[in-house]
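These notes concern the structure reproduced below.
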Amino acid sequence: MDARSQRIYLSALGTPLYRRRSREAAPDDPTAPAMESQPPLLEEEGGDYGPLAPEGREGALAALREEVAGCTACPLHESRTQTVFGVGDPHARVMFVGEAPGGEEDRRGEPFVGRAGQLLDAMLASLGLDRKEGGVFIANVLKCRPPNNRDPKPEEVAQCAGYLRRQIELVQPRVLVALGRVAAQQLLGSQQPLARLRGQEHRFHETPVLVTYHPAYLLRNPADKAKAWEDLKAVRRRAAGD
């Protein structure tokens, strides 16, 4: 990405272009109540799956999308407009995982649209990524919208766990990025608040996991966009193999 584009996208993130960064550790972010502890998704029982060769990923993801579209495993299917499977490059270097679809995502069938989606697109662009042009895959822990955008229930996460697990196995990203507290806690099987999970590398089996803020949170708390930029720089380094 050229310097002009980077300035545009950093401006969208609300991040100063030039500033001296303190070497001191940032204070903890405001904490939120932890969800009920869940085992890491890949530790749960699943089918006898293995990674596919690159040429087989598109077909396997298409078949999985159809399976998800017909899912009635939990009551969320009764209120959904459609499932929200995910979008992006089957050969992505980076895979972003959010919490669950919202109202607009439920209507359009694509994760992260509306204002939060625009901010996520700016975040992706700062990494030289585009959801339509390759290099990134975007999914959610849940494939159906919870009523009133509430947190996912443990039983809902359990029903969707196999779908996300299979997506990760098929895409085989270099790095997973958990967007927000709920996604991070569910991916990592942790009760730690987001402030404790940020700033360090975790593992989801053999795949590195980095944690940052959900775009919707950043819209409500723009002061934390600078910290999100630090997270994104770590993602960029890991995606490059550094």
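Using alpha-carbon pairs under 8 Å, 6+ residues apart, how would you state the relative contact order of segment 58-239 in percent?
Over segment 58-239, the number comes to 24 percent.
Subtract the Cα-Cα distance of E104 and Q191 from 0.36 nm times their separation in residues, and report this length gain in nm to one decimal.
Fully extending the segment from E104 to Q191 adds 28.4 nm.
Could you list T81, T207, T72 in order of exposure, starting from the residue whose Cβ has the fewest other Cβ atoms within 10 Å? Can you show the working numbers first?
Working: T81 14, T207 18, T72 9.
Placing the least packed residue first, the sequence is T72, T81, T207.
How many angstrom lie between the Cα centre of segment 122-146 and the Cα centre of segment 209-242?
13 Å
Want the number for A226 to A69: 0.36 nm per residue separation, take away the alpha-carbon distance, what's left? It would help to have the intermediate numbers written out before the result.
Working: separation 157, 0.36 × 157 = 56.52 nm, distance 3.74 nm.
Full extension of this stretch gives 52.8 nm more.
How far, in nm, would the chain grow between K153 and E58 when pulled straight, counting 0.36 nm per residue and subtracting the alpha carbon separation?
Gain in length upon complete extension: 31.2 nm.
What spacing in nm lies between the two simple spin-label points modelled at R115 and E206, each 7 Å away from Cα in the Cβ direction?
4.3 nm
Quick note: the coordinates plus some simple rules give every number you see, no bench work behind them. Every value quoted in this text rests on a predicted model; they were computed, and no experiment measured them. Quick reminder, even Gly has a Cβ in these numbers, built from the backbone with ideal geometry, and neighbours come from all protein chains shown.
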